[in-house]
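A.B. asks: Before anything else, here's the structure in question.
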Amino acid sequence: MVVTKIQKIRRQRNRYEIFLDEKPAFQVSESVVAKIGLFTGKHLDEEAVEKIVTADSRDRAHQIAVNFISYRPRSSKEIIDKLSRKGFAEDLIRAVVDKLRELLLINDIEFARMFLRDKLRGKPMGRALLRRKLHEKGISYQSTEHILNECITEESEQEAAKALATRKLKMSRTRLSKLDPAVRQKRLADYLLNRGFSVEVAYKTARSIIR
């Protein structure tokens with residue numbers, strides 16, 4: 001097979017249609033054209049075409065991943081999920097993720113630290129909820145526990161629970177004021193439990209605020 005034409009594709013930035021023996025055969029990026037050294041008159045066999053198509057898929061996947069992390073840091077799982085939705089093969093996705101790690105463009109530990117700091121700056125939540133959110137981002141159990149222990153102390157978690165409970169109490173004061181103190185404590189403790197605080201922290205905080 002001979003490359004008989006290399007034609008730029010309209011409305012697709014830096015994409016080219018490759019014609020073999022006068023027939024459209026496959027599409028590749030401009031960078032792959034340069035890397036492979038494609039030119040009219042070049043002879044290609046089926047194995048060479050397969051390698052070129054694979055190289056183009058890897059190049060596209062890499063570019064999608066780089067664009068994805070340009071808005072904000074991402075975990076490995078987020079990138080894997082993104083590329084999976086785009087239809088890339090699993091082995092190619094793994095290769096792209098490994099390359100991004102090698103280039104220090106993704107780091108799950110640093111991502112977890114940043115993610116946790118952002119969550120703690122917003123509406124307070126306890127360890128259980130933070131743990132679940134980190135697991136949803138694909139952070140391993142061991143790394144999650146390490147980051148939680150690094151960023152959250154018993155004192156800071158208790159302070160966060162108190163701040164959240166105080167805020168909740170102010171917002172619901174009219175509705176809760178008519179209830180028995182024990183019921184109010186229970187309602188407040190349940191709210192803290194739903195925000196990921198432990199039973200001990202939730203009830204201790206509720207009792208300290210409502211007497």
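A.B. asks: Could you run through the stretch 14-29 and say how many residues are out of contact with any Asp or Glu (no Cβ under 6 Å at 6 or more places or on another chain) and either among the basic types (K, R) or not in a strand (DSSP E or B) (or both)?
C.D. replies: Count: 4.
A.B. asks: In the stretch 44-88, which residues are closer than 22 Å to V2 by Cα, among the acidic types (D, E) and touching a helix residue (DSSP H, G or I) at 6+ places or on another chain (Cβ under 7 Å)?
C.D. replies: Filtering the stretch 44-88 for residues closer than 22 Å to V2 by Cα gives 44-57.
Still in the running and among the acidic types (D, E): 45-47, 50, 56.
Selection gives D56 alone.
Throughout, read-outs are computed from the coordinates displayed, never taken from laboratory work. Bear in mind the structure is a predicted one, so any value in this text is a computation, not a measurement. Because the Cβ atoms are built from the backbone with ideal geometry, glycine has one as well, and the counts that use them run over all protein chains shown.
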